[in-house]
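Read the structure below first, then the notes.
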Amino acid sequence: MANQSQFGFQDASSPIMEELIEFHDHALMVALAICSLVLYLLTLMLLEKLSSNTVDAQEVELIWTILPAIVLILLALPSLQILYMMDEIDEPNLTLKVMGHQWYWTYEYTDFKDLTFDSYMTPTTELSPGHFRLLEVDHRVIIPMESPTRIIVTANDVLHSWAVPALGIKTDAIPGRLNQTSLITTRPGIFYGQCSEICGANHSYMPIVVESTPLLHFENWSSMLTL
């Protein structure tokens, strides 16, 4: 959960989000180095007298052609690695189907029989102490901790987007199309998200709450719902 006046990302709760934060910091350091070099050169040009060596020099032209290419490679390689990691789904232990509606979510655990439910935002008048306004729901998504989970996302009416920042997930829900992603939570906790696609008048009232629990608690929860 983000804090007030927070400038950075939320604490990562999945390996993918950890990689995304690391790449973000890497890209910022590259940008800082570029800005520092450009500022130094501008200052040097303002303070020093121009000469033919700085105006017409093949060595300088060679450097400012090769150096940007090296910088792009330093950014592209880790970016492509993370992109392939996000698309990789290797023998998941659980499959969760997410369907977006105007304006609520439907969740279906396809590995269980008749384990499906709708998730609506909890009205402000019904909030319990400690719950967050516009973010709490009546039925949370429960997933086992440290267990590969496949997420299948679609929509029933208009475009939606299932996004949970702490888990590094943002997948479009498109009618007539199944989009697939995966997640692994590294710690127990409650993670909040919202629909990230402008889907209508109540777009801001489609919260997402994912609760990561130990496997034993998840098994007890699923057995209670399937009785």
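Scan Leu41, Leu115, Leu47 and give me the residue that is outside the structural domain of Ser196 (by the TED database), surrounded by 10 or more Cβ atoms within 10 Å (Cβ to Cβ) and not small (Gly, Ala, Ser). The unique qualifying residue is Leu41. Among strands (runs of 3 or more DSSP E) entirely within segment 113-214, having at least 2 residues that are farther than 16 Å from His101 by Cα singles out 141-144, 149-155, 169-173, 179-183, 189-195, 207-213. One residue alone among Leu167, Leu216, Leu135, Leu227 is at pLDDT 90 or above and either open to solvent by 50 Å² or more (accessible area, probe 1.4 Å) or acidic (Asp, Glu) (or both), and that residue is Leu216.
For segment 1-38, the set of residues classified as of a type in the set (A, V, I, L, M, F, W, C), open to solvent by 90 Å² or more (accessible area, probe 1.4 Å) and modelled with pLDDT of 90 or more consists of Leu28, Met29, Leu32, listed by residue number. Quick check: anything in segment 97-107 among the small types (Gly, Ala, Ser), part of a loop (DSSP other than H, G, I, E, B) and within 22 Å of Ser212 (Cβ to Cβ)? Checked against the condition, which is being among the small types (Gly, Ala, Ser), part of a loop (DSSP other than H, G, I, E, B) and within 22 Å of Ser212 (Cβ to Cβ), segment 97-107 yields no hits at all.
Among the residues making up segment 12-50, those that are more than 17 Å from Pro165 (Cα to Cα) and small (Gly, Ala, Ser) are Ala27, Ala31, Ala33, Ser36. Taken over segment 91-108, the criterion of being of a type in the set (A, V, I, L, M, F, W, C) and in contact with a Ser or Thr (Cβ under 7 Å, 6 or more places away or on another chain) is satisfied by Leu94, Leu96, Met99, Trp105. Scanning segment 165-176 for residues that are closer than 10 Å to Cys195 by Cα and touching a Leu at 6+ places or on another chain (Cβ under 8 Å) turns up Asp172, Ala173. All told, Tyr205 meets the bar of being open to solvent by 60 Å² or more (accessible area, probe 1.4 Å) and in the same structural domain as Tyr107 (by the TED database). Checking every residue in segment 88-95 against the condition of being surrounded by 14 or more Cβ atoms within 10 Å (Cβ to Cβ) and of a type in the set (Ser, Thr, Tyr) gives at least one match. With a requirement of 2 or more residues that are farther than 27 Å from Ile143 by Cα and aliphatic (A, V, I, L, M), the helices (runs of 4 or more DSSP H) lying completely within segment 1-91 that satisfy it span 15-47, 58-87. Among residues of segment 177-204 that are at positive phi, those with a Cβ under 8 angstrom from a residue that is open to solvent by 20 Å² or more (accessible area, probe 1.4 Å), sequence gap 6+ or separate chain, pair up as Gly189/Glu211; Gly200/Gln102; Gly200/Trp103; Gly200/Val158.
The values are calculated or read from the model by the stated rules, or taken from the named source; none is laboratory data. Predicted model only: the values in this text are computed from it and were never measured. As a convention, Cβ positions derive from the backbone with ideal geometry for all residues, glycine included, and neighbour counts pool all protein chains shown. Ligands, DNA and RNA are excluded from the accessible area calculation, which covers all protein heavy atoms including side chains. Shrake-Rupley method; radii C 1.70, N 1.55, O 1.52, S 1.80 Å.
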